[in-house]
Amino acid sequence: MLTLQIDLQDGFSSDIVRVLVDGQPVLELEDVSTDYSVGLAASAKTEVAPGLHQVEVTLPSKQLSAIQDVRMTDSLYLGVSVDEGRIGFRISKDPFIYF
Amino acid sequence: MDPNMLDFEFEGALDREFSVEEVAQAEEAMPELRIEEGEVQTEPAHEKEKTEEAAAQISSAAAVYYRRVSGRYRSCPRPWELILRVDLDGYRPKKRLSGDFFRRSGSTMVYFGSFVVHSPSISVSSSLVTIIGIATTTWATSYKKIRVRIPRHTTASPPATAEVRWMTMTNQYGARYICPFESPYFRTVVLEQDHEKGVTPFVSYNTGSLPSGGPARTLSVARAYREAGIEMVDSGRSNVVPTAPGGTWSNAELHTAMENHFHYWKDVPQWKVWLFHAMKHDYGPGLLGIMFDQKGKQRQGCAGFYQRIAGNAAANQRDQLYVCVHELGHCFNLFHSFHKKYMDPPMPNRLGALSWMNYPRNYKADSQQGEAAFWAAFPFQFDHLEIIHLRHAFYNNIVLGGNPFGKGAALELTNDYSDAVVDDSGLRLALEAPKSFAFGEPVVVEIQLRLTDLRGKKVPDQLHPNYGFVQLAIQKPGGEVIPYEPPIDHCAEVTTVQLDESRPAIYESAYIGYDKDNGQIFGQPGMYRLRGAFFAPDGSIVLSNVLNVRVRSPLGAEDEEVAELMLGDDQGMLLYLLGSDGPTLQSGNDAFEQVIDQYGKHPLAVYARMVKGFNLSREFKNLAADKTMQTRKPKSAKSQSLLTQVVNESEGDAGLDNISLNMTMRRLAQVQIEAGEKAKAAETMKQMVSIFSGKKLKSHVLAVIKKQAKI
């Protein structure tokens, strides 16, 4: 199994956030806000098998939803941000650095 | 209460009785201080002897070394205490004055308010520096004009005392403060550094150890801040803190550690800060540092985590320095360079900032980006706006334990209107408008961004203030300065354009008569002064010329009546939106209708026709109270008729400005195309080229218009 770390990063403001991986909930949080001293709101890890997976992020209070496909061959880091009414993703093989 | 008012010079009378001699002596001082605008006064009597002596020394000396006047000055509390910051010379001068007022009450001292002067005029003689400006204050006062006089002393003499005089805009005197020099630094902060057992805390780094963009020097955290004008005084205490249970720190545990180990910790605003050198945060090795203090009185403590950056290797030492200075920057209420738009109030992000507050990997300048490019160019300093914040932010926006993180994290644009000491931006911003407008006429300015660096430059092409890259400030006839706030914020994808020899400038026309907070801005005849600033992606701020715009007094009853009809809030919003059927704006539409019907030949009627013509050219959807959607279809014939009239009225020197006329003609052609009248549209475009060919436009502008005409 491989580790997929999902970081909720910029643009969250008192949001309800649901994250599903292949339809299974891995994160469901209320009142999610970005801490701009580091640019991070919340983080979760999940174990997945090698191969293609679908990550769905939903902010029901803002009626936003987006899907990102990730191909897992090794541990992977997925950054999720909200910017100008859209959910955006950043994929990295290395952990995101914050300070 | 107003510490700038003359009365408060004598508030000590509440504590003791003043003699009439004392009051008379103070009153007598006033005539000698009276100045006309721009006039430089002689120094105060009590300083005259000293300056004459200094001048004598100067004349006999081969070379004269004056003391810097920049620094911090402090008056005696009686009961108002003024801390004055003068920033006119020395390292990275920002050409500003700022200060904080505190009020003594018994044995307590309470913060009252702050002010800043962004565009002071400065007169320098061999014996005196005189600074005059209009202050932005945190409290309401009629005494906004400030004059500061500082005798010039040579380095052989002690620092001079500053004399501060507050005045109304008509030079009525207010309070006077005598402020002895206190420090060459703008602020002084006590820094306590504790470390976790087993962590070797950072001491200093030679910036020449690895390639960088600045001079090589050995920087400690304190020296990095000293270079910004902030003195960091070591608290003289340092604790070794046991590792947190479980081996990693949560934010709550860090806060508790601060309360227990930071010797000076109190849940109050104070110039004291705690930097904790720790090993690991709960989040993991990806977290290099955090300003964790975001409860109660915030921003008093931060931590660096060494799990990833410990060690003596140059790169590690550089990272340790960077993290420590960066986290303390958050304590001073600075946001990341790429998070500026999330501040309150927001500012454009500065991805290209070579600043302590950027992330090296997020660095993105014109042709360079990424970590290596950042370090190669980074001079180990804060950027221009961050320096201004550190030196001149209002007290609560910066003091540790002041406003919550992000609130007041940057001075707004109106607070940033002095000329740059150095401008290498390669760009010039210009504002243009007719010299005068009729009373009630919509004030439209042309914004031009022009290349001055022949190597070319990529810039955002959204110059309209709606998008935030260009901001405007307007000084009203009474002296009040307001930032122009568009009624609606526009969030749009940033699109850029390459400025080069083939396209050396971009233009935008903006209606700025109606503002979100102030409604109709040009609601009285008189002289208005406008200035703009363009926020370049690399963090440069390009200031425009100061544009004087006069609003003429109405010449007769008809002018007054039409102005009355043009100046309502609804009319302002309709001009901004270029028309709307919205029921809440009905009174504005009624007023424009009346202008067209009753005063159709009046010069201002062209604007009413333009708004109505644009609106009718579009479909309008209205969500009714019963939640049903009602759609009004475009009214092509009526729209064409109105817009054609607008074009005819604007062909010569009257009517719309060029950019608005261009926009109107293209809209008219579009309406004609949508109505299936392609031949008429082609004729309109031909007419557009003909009109603008006769207006002596620059060749590249005419080329753009000819391109637009191809349909």
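The values are calculated or read from the model by the stated rules, or taken from the named source; none is laboratory data. In this text, all values refer to a predicted model and were calculated from it rather than measured experimentally. Cβ placement follows ideal geometry from the backbone for every residue including glycine, while neighbour counts extend to all protein chains displayed.
Overview of values
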read-out	value
Residues (within 14 Å of chain A (Cβ to nearest Cβ), in a loop (DSSP other than H, G, I, E, B) and surrounded by fewer than 16 Cβ atoms within 10 Å (Cβ to Cβ)) located in the stretch B:357-377	B:GLY370
Count of residues meeting criterion [within 23 Å of B:ASN358 (Cα to Cα) and more than 14 Å from chain A (Cβ to nearest Cβ)] in the stretch B:240-271	0
Evaluation of B:LEU321 against (1) more than 10 Å from every other protein chain (Cβ to nearest Cβ); (2) within 20 Å of B:TYR395 (Cα to Cα); (3) in a helix (DSSP H, G or I) (one fails), failing number	(2)
Options A:LEU27, A:LEU40; residue that is at pLDDT below 95, among the hydrophobic types (A, V, I, L, M, F, W, C) and buried (at least 18 other Cβ atoms within 10 Å of the Cβ)	A:LEU27
A:ASP69 assigned to a loop (DSSP other than H, G, I, E, B) and surrounded by fewer than 18 Cβ atoms within 10 Å (Cβ to Cβ)	no
B:VAL129 being closer than 30 Å to B:TYR264 by Cα, outside any loop (DSSP other than H, G, I, E, B) and under 29 Å from the mean Cα position of the chain (by Cα)	no
Failed item in (1) under 24 Å from B:HIS336 (Cβ atoms); (2) more than 13 Å from chain B (Cβ to nearest Cβ); (3) touching a residue at least 40 places away in the same chain (Cβ under 8 Å), with A:ILE87 passing the rest	(3)
Filter pass, B:MET232 being touching a Phe, Trp or Tyr at 6+ places or on another chain (Cβ under 7 Å) and either closer than 19 Å to B:ILE398 by Cα or at pLDDT below 95 (or both)	yes
Qualifying strands (runs of 3 or more DSSP E) (wholly inside the stretch B:522-576; at least 1 residues being modelled with pLDDT under 90, more than 19 Å from B:SER509 (Cβ to Cβ) and touching a Pro at 6+ places or on another chain (Cβ under 7 Å))	B:526-535
Members of the stretch A:28-57 that are of a type outside the set (Val, Ile, Thr), assigned to a strand (DSSP E or B) and either within 14 Å of chain B (Cβ to nearest Cβ) or more than 21 Å from A:GLY85 (Cβ to Cβ) (or both)	A:GLU28, A:ASP35, A:LEU40, A:ALA42, A:SER43, A:ALA44, A:LYS45, A:GLU47, A:GLY51, A:LEU52, A:HIS53, A:GLN54
The lone exception for B:TRP274 - which of (1) more than 13 Å from chain A (Cβ to nearest Cβ); (2) surrounded by 23 or more Cβ atoms within 10 Å (Cβ to Cβ); (3) in contact with a Leu (Cβ under 7 Å, 6 or more places away or on another chain) it fails	(3)
Output for the stretch B:277-301, where each listed residue is facing another protein chain (nearest Cβ under 9 Å) and of a type in the set (A, V, I, L, M)	B:LEU287, B:LEU288, B:ILE290, B:MET291
Of all residues making up the stretch A:1-24, the number that are more than 14 Å from chain B (Cβ to nearest Cβ) and under 12 Å from the mean Cα position of the chain (by Cα)	6
Matching residues in the stretch B:302-318 - criterion: being at the interface with another protein chain (Cβ under 10 Å from one of its Cβ atoms), surrounded by fewer than 24 Cβ atoms within 10 Å (Cβ to Cβ) and either β-branched (Val, Ile, Thr) or not in a loop (DSSP other than H, G, I, E, B) (or both)	B:ILE309
Residue that is surrounded by the fewest Cβ atoms within 10 Å (Cβ to Cβ), among those in the stretch B:335-356 that are more than 10 Å from every other protein chain (Cβ to nearest Cβ) and of a type in the set (A, V, I, L, M, F, W, C)	B:LEU351
Output for the stretch B:641-677, where each listed residue is part of a helix (DSSP H, G or I) and in contact with a strand residue (DSSP E or B) (Cβ under 9 Å, 6 or more places away or on another chain)	B:ASN658, B:ILE659, B:SER660, B:ASN662, B:MET663
Evaluation of B:LEU328 against (1) in contact with a Cys (Cβ under 9 Å, 6 or more places away or on another chain); (2) surrounded by fewer than 24 Cβ atoms within 10 Å (Cβ to Cβ); (3) among the aliphatic types (A, V, I, L, M) (one fails), failing number	(2)
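Listed here are the residues, each with its yes/no results for (1) closer than 28 Å to B:GLU508 by Cβ; (2) part of a helix (DSSP H, G or I); (3) among the aliphatic types (A, V, I, L, M).
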site	(1), (2), (3)
B:LYS612	yes, yes, no
B:PRO634	yes, no, no
B:SER639	yes, yes, no
B:ALA679	no, yes, yes
